[in-house]
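A.B. asks: Below is the structure I would like to discuss, written out as structure tokens.
What follows draws every value from the coordinates through simple rules; no lab data is involved. Computed from a predicted structure; not experimentally measured. Every residue, glycine among them, receives a Cβ derived from its backbone with ideal geometry; neighbour counts consider all protein chains shown.
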Amino acid sequence: MELVIYGIINSVSLILMSIGFALAYGVSRVPNFAHGALFILTGYITWIFLYQAGLPYALAVILSLIIIALIGAALYQLILIRVRGMPISEIIASFGVGLAILELLRWAGLRGMTYMLPPFMKESLNIAGVPVSYHRVIIVGAAMIMLFFLWYFTHYTKPGLALRAIAQNERAALVLGIDSDRAATVAVSLGAVLAGLAGVLLLPLGNIVVEMGYEVLVFAIAVSVCGGLGSWKGAVVASFLIGFAQIITVTYLASHYHFVVALLIIIIVLITKPSGLYGRQKELEERV
Amino acid sequence: MSSPDNGFLLEIKNLIVFYENAIAINNVSLNFREGQITGVFGANSAGKSSLMHTVSGIILDMKEKEKRKGGERITWYGEIKYRGEDILNLKPSERAKKGIVLCPERRQLFSESSALENLKIGGYLADKTQGKKTLDYVFSLFPELQKLKYREAGFLSGGEQQMLAIGRALMAQPKLLLLDEPLLGLAPSVESRLAQAIKQIRNETKITIALSEQYARPLFPVIDYGYVLENGGIVLEGSSRELMDNPDVIGAYFGM
């Protein structure tokens, strides 16, 4: 039972970590390798607002999410826009930005165990005999709400539909009046907010450390590759696959294997189904 | 702004387009009269698609992408006037806002979205009432689409896809609708069905239509005025009747 509950929580955490990355790639084909850095940066900004500026927790979170949205938009407008359409350059540029952010934070003193965010609620409850902190329940709830919001946004609102149009066929979207650069800015910015949201939700479970940034990036890539790049359904299914595989190895082997498992699953999926679980590259060729 | 007194919604004057050193469009001048169907015909590589790309603005996007890659240099000279205003350097999305909407060659549908969603995305520039009205109009024009609403666009047949592509372009509230090879790869019965639909659009709406096609036979009776392109230049022009009576056209397009 413990396995099931913590498996679900771990899987949902993976969804949170990876959905922003999957979204930015899915809708604008921008691989945002600064994803992990944005995750940590949001946590750090929240920490500053909370402890240096003394703001209330909720306000600190909202403000740092707004800031990270602006940083995401700037990342696209100032840097990625220049290398648009060249995947390798996009990866190198965004990874470079991510490295710079993380190492600057390390240089600025983000080291050791001193930086922590408090959990939203300290109490815990029992689910079928397993103690689960309220904070983890909030994580699962928030992830559900977020997935619903994203699904609604991309299926029933004009900006959301425009994003999906650009993702599927850029030129066709252009001639319908959709501006591709604006759509991509929105996508990267939204991806940054999702990374930040994940950071704010997940970081209270541990410390804010720079290494976590790299770890989140690897998990986000693992989930996206495994699920099929750009596919959300894939990202969710892959999160559960990897999430449970991790919890099982942690329970029966040793806790440091959870990183290896993620990478092992990438290799297995790429050998057996190179486009990922739900990857549809080249599957829906037009009929002429 | 209204169109200038001569009744031309779009005027192309001395347009020249180069891909690196290859000339794609060689000093052509074409006029598109408001409320009419104007056809541009020609073989592969005659310059039809380049012309459509230049009018819709896609060429700016192509130029930008090539430049980022360090690929071909795309250059153009001349004038394209839409309602008397030079639009040659406007982005495609800005041109769409002014009413120039392209229905691209090979349809270019959003193949993972349902047919209805394709139409909804097409209505990006429309407000709620316009969108609803146009959606009803598209379904009355192509009743076939009504029952295929929820099917993924990629799984529709070629003819249905073309109807959807035209419908999607109509949703964007065009004043000038550009149809790039609307009959490409379709069965003869579907060809005449679409030719009729294009005529119906002209008769029932105020939309001006510019279409390009390689295989012109089903479309000659539908157009009001036509141009024949060859190697990037205009070799012939005239009304539908004049073109159909021209011995060269008969030889080239009607195989007699």
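A.B. asks: For the range B:114-122, just list the computed ³J(HN,Hα) in residue order, Karplus coefficients 6.51, -1.76 and 1.60, θ = phi - 60°, integers in Hz, with x standing in for Gly and Pro.
C.D. replies: For the range B:114-122, the Karplus curve yields 6, 4, 4, 5, 4, 5, 5, 5, x Hz.
A.B. asks: Multiplying the sequence separation of A:Gln52 and A:Arg82 by 0.36 nm and subtracting their Cα-Cα distance, what value in nm do you get?
C.D. replies: Separation in residues times 0.36 nm, less the Cα-Cα distance, equals 7.2 nm.
A.B. asks: Moving to a separate point now. A:Ala100 to A:Met144: FRET efficiency via 1/(1 + (r/R0)^6), r the Cβ-Cβ distance, R0 30 Å, to the nearest 0.05?
C.D. replies: So the FRET efficiency works out to roughly 0.30.
A.B. asks: Greater than 26 Å separation of Cα atoms is the criterion. Which listed pairs, A:Lys158/A:Lys233; B:Lys98/B:Lys206; A:Lys233/B:Lys149; B:Lys97/B:Lys206, meet it?
C.D. replies: Violating the 26 Å Cα-Cα cut-off are zero pairs.
A.B. asks: With a Cα-only, solvent-free Debye model of the range B:52-130, what are the log10 I(q)/I(0) values at q = 0.12, 0.15, 0.16, 0.24 Å⁻¹?
C.D. replies: -0.45, -0.68, -0.76, -1.18
A.B. asks: Any idea how far apart B:Asn44 and B:Lys206 come out in nm if each label point goes 7 Å out from Cα toward Cβ?
C.D. replies: It is 4.2 nm.
A.B. asks: Would you calculate a helix-derived [θ] at 222 nm for chain B, using -39,500 (n - 2.57) for each DSSP H run of n ≥ 4 and dividing by the full residue count, to the nearest 500?
C.D. replies: Computed ellipticity for chain B at 222 nm equals -10500 deg cm²/dmol.
A.B. asks: Dipole of the protein assembly as shown (Lys/Arg Cβ +1, Asp/Glu Cβ -1, origin at the Cα centre): which of B:Val222, A:Ser239, A:Val130 lies farthest to the positive side?
C.D. replies: A:Val130
A.B. asks: I would also like to ask the following. Mind checking the dipole of the protein assembly as shown: about its Cα centre, +1 per Lys or Arg Cβ, -1 per Asp or Glu Cβ, Debye to the nearest 20?
C.D. replies: Dipole size: approximately 840 debye.
A.B. asks: Which whole-Hz couplings ³J(HN,Hα) result when phi for each residue of the range B:200-209 is put into the Karplus expression 6.51 cos²θ - 1.76 cosθ + 1.60, θ = phi - 60°, listed in order with x for Gly and Pro?
C.D. replies: Couplings: 4, 4, 5, 6, 9, 10, 9, 6, 8, 10 Hz.
A.B. asks: Suppose a student asked you for the relative contact order of the range A:2-217, using Cα pairs under 8 Å spaced at least 6 residues apart; what percent would you report?
C.D. replies: Normalised by residue count, the contact order of the range A:2-217 is 44 percent.
A.B. asks: So, counting K/R as plus one and D/E as minus one, what does the shell of residues with Cβ under 15 Å around B:Met244 add up to?
C.D. replies: The answer is -4.
A.B. asks: Got a sec? Charge dipole of the range A:43-123, +1 on Cβ for Lys and Arg, -1 for Asp and Glu; which of A:Tyr44, A:Gly72, A:Ile101 is way out at the positive end?
C.D. replies: With unit charges placed on the Cβ atoms, the residue in question is A:Ile101.
A.B. asks: Can you give me the Cα centroid spacing of the range A:163-216 and the range B:41-73 in angstrom?
C.D. replies: Spelled out, the Cα-based centre of one part sits 31 Å from the other.
A.B. asks: Taking DSSP loops as anything outside H, G, I, E and B, show the longest stretch in chain A free of GluC sites (Glu not before Pro) there with at most 12 other beta carbons within 10 Å.
C.D. replies: That would be A:124-282.
A.B. asks: Per residue of chain A, what 222 nm ellipticity follows from adding -39500 (n - 2.57) for every DSSP H run with n ≥ 4, rounded to the nearest 500?
C.D. replies: -23000 deg cm²/dmol
A.B. asks: Equivalent-ellipsoid semi-axes (√(5λ), Cα gyration tensor) for the protein assembly as shown, whole Å, largest first?
C.D. replies: 53, 24, 20
A.B. asks: Cut-off 10 angstrom, C-alpha nodes, Gaussian network model of chain A. Which of A:Val250, A:Val218, A:Val30 fluctuates the most?
C.D. replies: Taking springs between Cα atoms under 10 Å, the residue moving most is A:Val250.
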